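Here's the structure we're looking at; comments come further down.
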Amino acid sequence: MTVFADLPVRAAPVRGALRLLRRPDLALAVLVLAVVVAAAAAPGVFTARDPLRGVPADRLRPPGPAHPFGTDYLGRDLYARVVHGAGESLRATVVAVLIALVVGTVLGLLAGFVGGAVDEVLMRIVDVLLAIPGLLLSLTVVTVLGFGTAQVAIAVGVAGVAGFARLSRSEVLRVRRTGYVEAARGAGVRWYGVLARHVLPNATGPIGALAALEFGTAVLAVSALSFLGFGAPPPTPEWGALVADGRNYLAGAWWLATMPGLVVAAVVLAANRIGRALEHTEEGT
Amino acid sequence: MSLLDIRNLTVAYGPRTVLRGVDLTVRSGEVVALVGESGSGKTTLAHAVVGLLPRGGRITGGQVRLDGIDLTGLGERSLRAVRGARIGFVPQDPGVALNPLRRVGDQVAEALVVHSAAPSGGRRALRERAVALLSEAGLPDAAAQARRHPHELSGGMRQRVLIAAALACRPPLVIADEPTSALDVTVQRRVLDHVGALTRGLGTAVLLVTHDLALAAERADRVLVMSDGVLVEEGPASMFAPTRPRAVVGPGPTVDTGTVPRHPYTRRLVAASPAYAPDRPERPAPARTLLAATGLRREYGSTVALSDVDLTVGIGETVGLVGESGSGKSTTARLVARLERADSGRIVLDGADVTAARGTTLRAVRRRVQVVHQNPYGALDPRWRIGPIVAEPLRAFGIGDRAARRNRVAELLDQVALPADVARRRPTELSGGQRQRVAIARALALRPDLVICDEPVSALDVSVQAQILDLLDELQRELGLAYLFISHDLSVVRRVCDRIVVLRAGRVVETGPTTRVFHHPTHPYTRELLAAVPGAAA
């Protein structure tokens with residue numbers, strides 16, 4: 001008997017983030033997010049100015065060497081305000097994505113794994129959530145909860161729950177049908193062991209990709225809510241609030257609304273690009 | 001003059017050469033079979049002839065002459081005129097080769113229209129011609145079926161549609177790439193019988209690409225054996241036919257066919273093919289019954305998948321469960337393995353009723369009854385390394401500490417003849433045969449009494465199949481295992497089983513010792529099934 005006749009010749013699959021960075025657009029997206037995260041963590045590194053102190057003599061200066069993003073109607077440096085606003089905006093966004101991810105995934109896992117009546121009830125609730133436009137749902141929730149960054153984060157998170165629930169349920173149903181899950185059951189592994197060791201790890205890939213996409217959406221939604229005045233109270237710098245402030249000066253000082261708006265757009269685009277890349281690697285493996 | 005003349009054909013995918021200087025001729029009206037295992041390059045050859053190599057593949061040398069014209073030099077436009085009109089192509093998988101959105105009649109008519117072979121008389125005449133072609137390909141009630149969509153037809157019927165489309169323009173040559181591999185044996189036999197008669201009548205030459213040496217020997221005039229991109233042997237079909245007539249009891253006389261395969265690869269292939277293997281020697285009856293299932297019934301919605309199935313497996317015995325797709329063999333396996341609950345019936349394991357076992361009792365059943373699944377590619381979690389996969393049952397039952405489990409894994413891998421360093425690898429790094437060995441090692445981890453093998457070798461090449469079947473045999477002798485062996489392949493069953501149970505549409509039609517059932521089948525369905533096995537008529 002030739003035992004080694006069926007030995008493979010394939011090398012271990014080359015994986016990892018390094019390969020992704022060879023794509024220039026992807027590298028740029030990662031760089032944008034890295035800079036924004038760094039700004040949120042240590043704004044002092046990026047600017048020495050105080051975002052709250054205005055210099056009345058320097059009111060409404062256009063972007064220039066002294067003030068890269070210009071100054072606002074109180075003479076505050078807009079670049080410093082955007083940098084210091086990153087923390088507030090990102091915190092709200094991360095909390096929102098985490099809420100959507102955790103709650104949605106748990107609901108989806110339950111629905112997919114337990115099935116039957118539990119599945120029916122949960123998925124009908126998800127259908128209702130999906131039927132309401134995300135921003136409208138967030139507005140409703142934030143109106144009930146009151147104003148503040150935490151409330152905005154919760155509101156945006158609730159709007160994202162349905163998508164994660166849907167996706168994780170379908171992933172669980174897919175993984176449940178695979179041979180190795182049945183083999184694990186046949187080997188006498190208890191149901192929670194099967195769930196934790198096989199179903200969950202194999203379902204996480206697409207969920208991670210959705211989380212990255214959701215991050216972009218959440219940045220936008222958080223900014224939108226604080227633009228509408230539901231977020232942190234003034235004078236705390238926050239991206240959406242900065243755009244809202246600048247709106248009144250749009251005719252005379254275009255940079256006030258445009259600069260923070262461009263930053264939000266860049267972050268959203270970067271998150272989308274990364275999300276898409278994650279989706280593709282998932283398909284590739 | 002030969003119709004198709006391939007000279008020194010070389011094909012590469014990127015830097016990898018997959019066909020190395022292949023010479024092949026097909027004369028007018030001749031049926032030539034090309035036999036090889038997966039990766040041998042047989043499908044690549046078929047695709048290269050019609051200029052349909054997948055992306056990245058290109059002909060790097062040699063000629064493909066059809067009626068004297070070299071096809072390798074032709075552009076896409078000229079090749080399109082050849083495909084369909086001069087060479088008909090029957091693809092591998094009837095499940096995906098038809099457009100699901102179009103009626104099958106239209107798809108046959110399309111073949112006529114694109115080659116301007118449509119009869120005069122407009123749409124009506126075209127429709128009639130398409131129906132005539134379908135009916136000629138053996139589709140019953142063709143006029144009605146032509147209006148249907150592919151999903152409304154069975155696999156066998158879809159394959160007939162593809163054959164009708166391939167023959168629509170009366171090409172002098174048809175290339176059929178594993179045309180019946182996805183079909184049940186009885187359907188395969190009917191389709192091939194019909195196609196054989198049809199192409200003989202039309203004088204069409206056929207290049208039949210297949211992995212099944214017995215099938216090739218039975219259906220072709222000439223057989224070519226391919227391995228690793230090279231033709232290793234060529235000869236008349238009789239040279240490759242099974243030498244032992246199957247209808248005779250006992251060790252049949254060897255029929256002298258003049259010549260025998262000479263090349264070592266062909267010999268290995270013949271030795272590995274279950275159709276050429278001797279009967280399993282009879283063994284004494286088992287000491288006692290290990291598993292007894294009575295009156296098993298399972299319904300899915302309103303369809304009855306299984307009704308009134310009785311089954312016993314003795315200690316150390318191999319019982320074969322055979323039947324075609326939809327016969328309920330996998331359902332039976334799942335019920336007996338308690339992966340699914342029977343709607344009614346009783347399952348007794350070693351004297352204890354386990355029909356409704358739950359919790360601790362069910363886990364006790366799991367310790368004694370293990371399953372090896374059909375698909376070695378899906379049965380192993382792709383994120384795990386082989387060591388933990390094999391140890392999973394041990395961990396589930398809290399057997400041994402970490403070091404003890406590692407030792408047991410090494411012992412198990414050794415038992416299934418895998419090198420010890422496999423434990424650190426992941427499933428994607430292993431071949432199909434190796435994965436199936438891993439699945440067997442996992443099933444043996446708890447030292448079960450009964451292993452349920454659900455089509456354990458159907459996804460594997462014949463030479464790998466033979467290795468796995470030998471391994472199962474060895475393990476049975478060493479460990480005294482009982483097997484419930486589920487298979488659609490009667491040749492495999494004949495080789496490994498002591499007793500067989502024949503299922504049809506959820507019912508047991510015949511049961512008995514393997515040699516008795518094979519040589520003196522009592523039920524007409526069993527006889528039909530046996531007659532359909534390639535090589536049975538030889």
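Only the coordinates and a few stated rules stand behind these numbers; no lab work does. Since we're looking at a predicted model, the values are computed, not measured. When we count neighbours, we look across all protein chains shown, and the Cβ atoms used for this are built from the backbone with ideal geometry, even at glycine.
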Quick check: the distance between the Cα centres of the stretch B:344-399 and the stretch B:10-88, to the nearest angstrom?
48
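Looking only at the stretch B:1-147, where both bridge partners belong to it, what percent of the DSSP beta bridges are antiparallel (to the nearest 5)? Numbers along the way, then the final one.
On the way: 18 of 19 bridges.
In the stretch B:1-147, approximately 95 percent of DSSP beta bridges are antiparallel ones.
For A:123, B:226, what's the fewest-to-most ordering of other Cβ within 10 Å of each Cβ? Walk me through the numbers before you get to the answer.
Values: A:123 19, B:226 24.
Arranged by neighbour count, lowest to highest, A:123, B:226 become A:123, B:226.
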Farthest towards the positive end of the dipole of chain B, among B:399, B:332, B:242 and with Cβ unit charges of +1 on Lys and Arg and -1 on Asp and Glu, lies the Cα of B:399
Tilt of helix A:255-284 relative to the longest C-alpha principal axis of chain A, in degrees (0 to 90, nearest 10)?
10
Using only the alpha-carbon atoms of chain A as identical scatterers, what base-10 log of I(q)/I(0) does the Debye formula give at q = 0.08, 0.13, 0.16 Å⁻¹?
-0.45, -0.94, -1.22
Cα centroid separation - the stretch B:429-476 against the stretch A:78-110, whole Å:
49
Helix A:134-145 sits at what angle to the longest principal axis of chain A, using alpha carbons and giving 0 to 90 degrees rounded to 10?
70
Dipole axis of chain A (+1 Lys, Arg; -1 Asp, Glu on Cβ), positive-most option in A:142, A:40, A:231:
A:40
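Could you list B:195, B:114 so that the one with the fewest beta carbons within 10 Å of its beta carbon is first and the one with the most is last?
On the way: B:195 27, B:114 16.
Ranking B:195, B:114 by Cβ neighbours within 10 Å, fewest first, gives B:114, B:195.
Once you have the Cα-Cα distance between residue B:152 and residue B:308, take 0.36 nm times their residue separation minus that, and quote the gain in nm to one decimal.
Fully extending the segment from residue B:152 to residue B:308 adds 53.2 nm.
To the nearest 20 debye, what charge dipole does the stretch B:256-371 have about its Cα centre, counting +1 at the Cβ of each Lys and Arg and -1 at the Cβ of each Asp and Glu? Intermediate results must be reported in sequence, preceding the final value.
Values: 18 positive and 12 negative charges, 128 e Å.
For the stretch B:256-371, the charge dipole is close to 620 debye.
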Can you give the local net charge around residue B:139? Use residues other than it whose beta-carbon is closer than 15 angstrom to its beta-carbon, Lys and Arg +1, Asp and Glu -1.
+2
Residues of the stretch B:412-451 with backbone N under 19 Å of the label point set 7 Å from the Cα of residue B:352 along Cα→Cβ are B:445-451
So what's the angle, to the nearest 10 degrees on a 0 to 90 scale, between helix A:24-41 and the longest Cα principal axis of chain A?
60
Helical contribution to [θ] at 222 nm, DSSP H n ≥ 4, -39,500 (n - 2.57), averaged over chain B, rounded to 500
-10500 deg cm²/dmol
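Considering only DSSP states other than H, G, I, E and B, which chymotrypsin sites (Phe, Trp or Tyr not before Pro) in the stretch A:24-109 qualify as loop sites with at most 16 other Cβ atoms within 10 Å? Present the calculation step by step, with values, prior to reporting the outcome.
Details: sites: A:46, A:69, A:73, A:79; in loops: A:69, A:73.
Passing sites in the stretch A:24-109 are A:73.
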Structure-based [θ]222 nm, chain A - -39500 (n - 2.57) summed over DSSP H runs of at least 4, per residue, nearest 500:
-23000 deg cm²/dmol
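Which of the trypsin sites (Lys or Arg not before Pro) across the stretch B:256-318 are loop residues per DSSP, with 10 or fewer other Cβ within 10 Å?
Values: sites: B:262, B:267, B:268, B:288, B:297, B:298; in loops: B:262, B:288.
Listed in order of number, the matching sites are B:288.
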Amide H contacts under 5 Å for residue B:175, restricted to residues at least 5 apart in sequence or on another chain and with H modeled in the peptide plane, are B:88, B:89, B:90, B:207
Taking the Cα-to-Cβ direction at residue B:128 and at residue B:403 and moving 7 Å from each Cα, how far apart do the two end points lie in nm?
8.7
Run through every distinct alpha carbon pair of chain B and return the Kirkwood hydrodynamic radius in angstroms, one decimal place.
25.3
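If you rank B:228, B:461 by fewest surrounding Cβ atoms within 10 Å, what's the result?
On the way: B:228 14, B:461 22.
In increasing order of surrounding Cβ atoms, one gets B:228, B:461.
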Rounded to 5, percent antiparallel among DSSP beta bridges of chain B
55
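Mind checking the dipole of the protein assembly as shown: about its Cα centre, +1 per Lys or Arg Cβ, -1 per Asp or Glu Cβ, Debye to the nearest 20? Spell out each step's value before the answer.
On the way: 94 positive and 73 negative charges, 129 e Å.
I would put it at about 620 debye.
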